Amino acid sequence: MAKLDIITLPDRKLRLVSEPVERVDDDLRKFADDMLDAMYAAPGIGLAAIQVGVPRRMLVCDVAQREDEEADRDPMVLINPQILASSDEGVVREEGCLSIPDYFAEVERPDSVRVAFLDRDGKAQEIEATGVLATCLQHEIDHLNGKLFIDYLSKLKRDMVIRRFTKQAKLSPKSGIL
């Protein structure tokens, strides 16, 4: 059972811009492990710290089993991630979000990105990501900037989603099931 609770729309924390992580230490690594536990339990392929109510520039992801069900888990921890470059070529993929449960929509994003980050040991890294990983990284980095995937939808669709989740939250504010 995950120790961290994933916050959901319409929680206003999801719109916060996350602060940079100043120090990578054992407490941060433990938090990363707890985030991974919450992500796997949900289940999901990515989770930003703000989604568990912590406005720090940090995310975890694991797309290995999304691309191959037989694959072993391949968790990644990205601290202070920053997109350095993205392809001009776009791709449309269906996206969902643990903070907007059971809602999916097609979103167009760059097909590939180059991301700089600190790993769980505090070492500077860069990754060239394509496919589902590129989409996941862009989605989670958006979270760190207070942006949700529904922001890529038309105003009408976005407003409908927000109204739906706001209404559900009012009907069952304690349930956590939206």
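Just a few scattered comments:
- Springs join every pair of Cα atoms under 10 Å in this Gaussian network model of the chain, and among L156, L98, L16 the largest mean-square fluctuation is at L156.
- Comparing mean-square fluctuations of P101, P55, P43 from a GNM of the chain with C-alpha springs under 10 Å, the top value falls on P43.
- Amide H partners (placed H, <5 Å) of S112, local residues excluded: S87
- Accessible surface, the chain, averaged per residue in Å² (probe 1.4 Å): 56
- Residue among D34, D25, D62 with the largest mean-square fluctuation in a Gaussian network model of the chain, springs linking Cα atoms under 10 Å: D25
- For the range 27-44, backbone phi angles converted through the Karplus equation (6.51, -1.76, 1.60; θ = phi - 60°) give residue-by-residue couplings of 4, 5, 5, 5, 4, 4, 5, 5, 5, 4, 4, 5, 5, 5, 5, 4, x, x Hz, Gly and Pro being listed as x.
- Averaging the sequence gap over all C-alpha pairs within less than 8 Å and six or more residues apart, then dividing by the number of residues, gives the range 87-178 a relative contact order of 21 percent.
- Solvent-accessible area, 1.4 Å probe, carbon plus sulfur percent, for the chain: 48
- The range 31-126 shape via C-alpha gyration tensor axes, a/c threshold 1.5: rounded
- Neighbour cut-off at most 10 other Cβ (10 Å), DSSP loop, chymotrypsin sites (Phe, Trp or Tyr not before Pro), the range 45-128: none
- DSSP-defined antiparallel bridges as percent of all bridges, the chain, nearest 5: 95
- Counting charges near D88 (Lys, Arg +1; Asp, Glu -1) among other residues having Cβ under 14 Å from its Cβ returns a value of -1.
The values are calculated or read from the model by the stated rules, or taken from the named source; none is laboratory data. For clarity, every value in this text was computed on a predicted model and none was experimentally measured. Positions of Cβ are backbone-derived with ideal geometry, glycine not excepted, and every protein chain shown enters the neighbour counts. Keep in mind that these areas ignore ligands, DNA and RNA; they rest on the heavy atoms of the full protein, side chains included. Shrake-Rupley method; radii C 1.70, N 1.55, O 1.52, S 1.80 Å.
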